[in-house]
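The values are calculated or read from the model by the stated rules, or taken from the named source; none is laboratory data. Worth saying up front: this structure is predicted, and the values here are computed from it rather than measured. Counting neighbours? That spans all protein chains shown, and the Cβs are built from the backbone with ideal geometry, glycine included.
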Ligand SMILES: [Zn+2]
(Lines give C-alpha, C1' and ligand atoms only; values in the text may rest on other atoms or scores of the structure.)
Protein backbone atom coordinates (compact mmCIF):
# COMPACT_ATOMS: atom_id res chain seq x y z
CA UNK A 1 0.00 0.00 0.00
CA UNK A 2 2.14 2.88 -1.23
CA UNK A 3 -0.62 5.39 -0.44
CA UNK A 4 0.60 5.39 3.17
CA UNK A 5 4.06 6.60 2.13
CA UNK A 6 2.50 9.25 -0.12
CA UNK A 7 0.11 10.35 2.64
CA UNK A 8 3.12 10.62 4.96
CA UNK A 9 4.93 12.90 2.47
CA UNK A 10 1.86 15.09 1.99
CA UNK A 11 1.31 15.22 5.74
CA UNK A 12 4.91 16.37 6.29
CA UNK A 13 4.72 18.98 3.53
CA UNK A 14 1.46 20.36 4.90
CA UNK A 15 2.76 20.38 8.46
CA UNK A 16 5.91 22.27 7.43
CA UNK A 17 3.94 24.79 5.39
CA UNK A 18 1.34 25.26 8.15
CA UNK A 19 4.10 25.94 10.68
CA UNK A 20 5.66 28.50 8.30
CA UNK A 21 2.25 30.17 7.94
CA UNK A 22 1.82 30.20 11.73
CA UNK A 23 -1.36 28.16 11.42
CA UNK A 24 -2.99 26.83 14.54
CA UNK A 25 -5.30 24.48 12.71
CA UNK A 26 -5.40 23.07 9.20
CA UNK A 27 -8.97 22.62 7.96
CA UNK A 28 -8.43 21.14 4.55
CA UNK A 29 -5.94 20.26 1.84
CA UNK A 30 -6.64 20.13 -1.89
CA UNK A 31 -4.64 17.83 -4.12
CA UNK A 32 -4.37 17.28 -7.83
CA UNK A 33 -3.94 13.61 -8.67
CA UNK A 34 -3.47 12.27 -12.18
CA UNK A 35 -5.49 9.26 -13.29
CA UNK A 36 -2.29 7.49 -14.29
CA UNK A 37 -0.34 8.27 -11.12
CA UNK A 38 -1.33 4.89 -9.69
CA UNK A 39 -2.69 6.53 -6.55
CA UNK A 40 -6.04 5.39 -5.18
CA UNK A 41 -7.66 8.57 -3.85
CA UNK A 42 -9.82 6.80 -1.25
CA UNK A 43 -6.85 4.90 0.18
CA UNK A 44 -4.82 8.08 0.25
CA UNK A 45 -7.60 9.95 2.09
CA UNK A 46 -7.89 7.08 4.57
CA UNK A 47 -4.13 7.12 5.30
CA UNK A 48 -4.08 10.91 5.48
CA UNK A 49 -6.91 10.91 8.03
CA UNK A 50 -5.12 8.28 10.09
CA UNK A 51 -1.95 10.39 10.21
CA UNK A 52 -3.69 13.72 10.83
CA UNK A 53 -5.86 12.33 13.64
CA UNK A 54 -2.69 12.03 15.75
CA UNK A 55 -1.64 15.64 15.19
CA UNK A 56 -3.33 18.50 17.09
CA UNK A 57 -2.78 21.01 14.27
CA UNK A 58 -4.02 18.75 11.48
CA UNK A 59 -6.69 16.68 13.23
CA UNK A 60 -9.96 16.76 11.29
CA UNK A 61 -8.41 18.24 8.15
CA UNK A 62 -10.26 16.99 5.10
CA UNK A 63 -8.57 15.94 1.90
CA UNK A 64 -10.08 17.10 -1.38
CA UNK A 65 -8.87 15.44 -4.56
CA UNK A 66 -9.11 16.88 -8.07
CA UNK A 67 -8.70 13.98 -10.49
CA UNK A 68 -6.81 14.85 -13.66
CA UNK A 69 -7.54 12.79 -16.79
CA UNK A 70 -4.74 10.97 -18.59
CA UNK A 71 -4.29 12.74 -21.94
CA UNK A 72 -1.72 12.83 -24.71
CA UNK A 73 -0.98 14.84 -27.85
CA UNK A 74 0.01 13.22 -31.12
CA UNK A 75 3.37 14.39 -32.51
CA UNK A 76 2.24 13.55 -36.01
CA UNK A 77 -1.17 15.28 -36.32
CA UNK A 78 -1.14 17.39 -33.13
CA UNK A 79 -4.47 15.98 -31.97
CA UNK A 80 -5.04 15.77 -28.21
CA UNK A 81 -6.86 12.68 -26.95
CA UNK A 82 -7.78 10.72 -23.82
CA UNK A 83 -5.55 7.74 -23.06
CA UNK A 84 -7.48 4.59 -22.19
CA UNK A 85 -5.77 1.75 -20.33
CA UNK A 86 -2.36 3.39 -20.64
CA UNK A 87 -2.37 3.04 -24.42
CA UNK A 88 -1.15 6.33 -25.87
CA UNK A 89 -1.92 5.67 -29.52
CA UNK A 90 -3.45 8.48 -31.58
CA UNK A 91 -7.05 7.56 -32.49
CA UNK A 92 -6.89 9.73 -35.62
CA UNK A 93 -3.70 8.58 -37.37
CA UNK A 94 -2.74 5.52 -35.23
CA UNK A 95 0.63 7.10 -34.48
CA UNK A 96 2.40 5.91 -31.29
CA UNK A 97 4.69 8.89 -31.09
CA UNK A 98 2.85 11.02 -28.56
CA UNK A 99 3.55 13.40 -25.67
CA UNK A 100 1.78 13.00 -22.35
CA UNK A 101 -0.23 16.16 -21.62
CA UNK A 102 -1.64 15.30 -18.19
CA UNK A 103 -2.55 12.50 -15.85
CA UNK A 104 0.67 11.68 -14.03
CA UNK A 105 0.67 14.56 -11.54
CA UNK A 106 0.56 14.61 -7.78
CA UNK A 107 0.49 18.11 -6.42
CA UNK A 108 -0.74 20.02 -3.38
CA UNK A 109 -2.90 22.81 -4.82
CA UNK A 110 -3.93 24.64 -1.70
CA UNK A 111 -4.61 24.36 1.98
CA UNK A 112 -7.12 26.02 4.23
CA UNK A 113 -5.99 26.93 7.72
CA UNK A 114 -6.68 29.14 10.72
CA UNK A 115 -4.19 31.40 12.44
CA UNK A 116 -4.32 32.70 15.99
ZN1 LIG B 1 -2.26 11.60 -34.78
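Kindly indicate the residue of the range 1-22 that is free of Cβ contacts under 8 Å to residues at least 60 places away in the same chain and either surrounded by 20 or more Cβ atoms within 10 Å (Cβ to Cβ) or part of a strand (DSSP E or B) (or both) and also nearest to the chain's Cα centre (by Cα) among those meeting that condition. Full working, then the answer.
Quick first cut of the range 1-22, residues free of Cβ contacts under 8 Å to residues at least 60 places away in the same chain only: 1-5, 7-9, 11-12, 15-16, 19-20.
Narrowing the set further to residues that are either surrounded by 20 or more Cβ atoms within 10 Å (Cβ to Cβ) or part of a strand (DSSP E or B) (or both) leaves 7, 11.
On the way: 7: 10, 11: 13 Å.
Taking the candidates together, the pick is 7.
Filter the range 58-68 for residues that are assigned to a loop (DSSP other than H, G, I, E, B) and either touching a strand residue (DSSP E or B) at 6+ places or on another chain (Cβ under 6 Å) or within 14 Å of the ligand (Cβ to nearest atom) (or both); which is farthest from residue 31 (Cα to Cα)? Reasoning before the result, please.
The initial filter retains those residues of the range 58-68 that are assigned to a loop (DSSP other than H, G, I, E, B), namely 58-61.
Then keep just the ones that are either touching a strand residue (DSSP E or B) at 6+ places or on another chain (Cβ under 6 Å) or within 14 Å of the ligand (Cβ to nearest atom) (or both); that gives 58, 61.
Numbers: 58: 16, 61: 13 Å.
For the range 58-68, the residue satisfying everything is 58.
Any residue at all in the range 39-55 that's more than 21 Å from the chain's Cα centre (by Cα) and in a loop (DSSP other than H, G, I, E, B)? Give the steps one after another, and end with the answer.
Within the range 39-55, the subset more than 21 Å from the chain's Cα centre (by Cα) is 54-55.
Imposing the further condition that a residue be in a loop (DSSP other than H, G, I, E, B) reduces the set to 54-55.
Scanning the range 39-55 turns up at least one residue that is more than 21 Å from the chain's Cα centre (by Cα) and in a loop (DSSP other than H, G, I, E, B).
Could you please find all residues in the range 77-116 being part of a loop (DSSP other than H, G, I, E, B), closer than 27 Å to residue 41 by Cα and away from the ligand (no atom under 16 Å from the Cβ)? Lay out the reasoning, then the answer.
Within the range 77-116, the first condition is being part of a loop (DSSP other than H, G, I, E, B), and the residues that meet it are 77-79, 83, 85-86, 88-97, 103-105, 116.
Subset that is closer than 27 Å to residue 41 by Cα: 83, 85-86, 88-89, 103-105.
Selection gives 85, 86, 103, 104, 105.
With the requirement that a residue be closer than 15 Å to residue 107 by Cβ and either touching a helix residue (DSSP H, G or I) at 6+ places or on another chain (Cβ under 7 Å) or at pLDDT below 95 (or both), what does the range 12-30 give you?
29
Of (1) more than 18 Å from the chain's Cα centre (by Cα); (2) exposed (fewer than 13 other Cβ atoms within 10 Å of the Cβ), residue 25 satisfies all except one. Which?
Of (1) more than 18 Å from the chain's Cα centre (by Cα); (2) exposed (fewer than 13 other Cβ atoms within 10 Å of the Cβ), only one is false for residue 25: (2).
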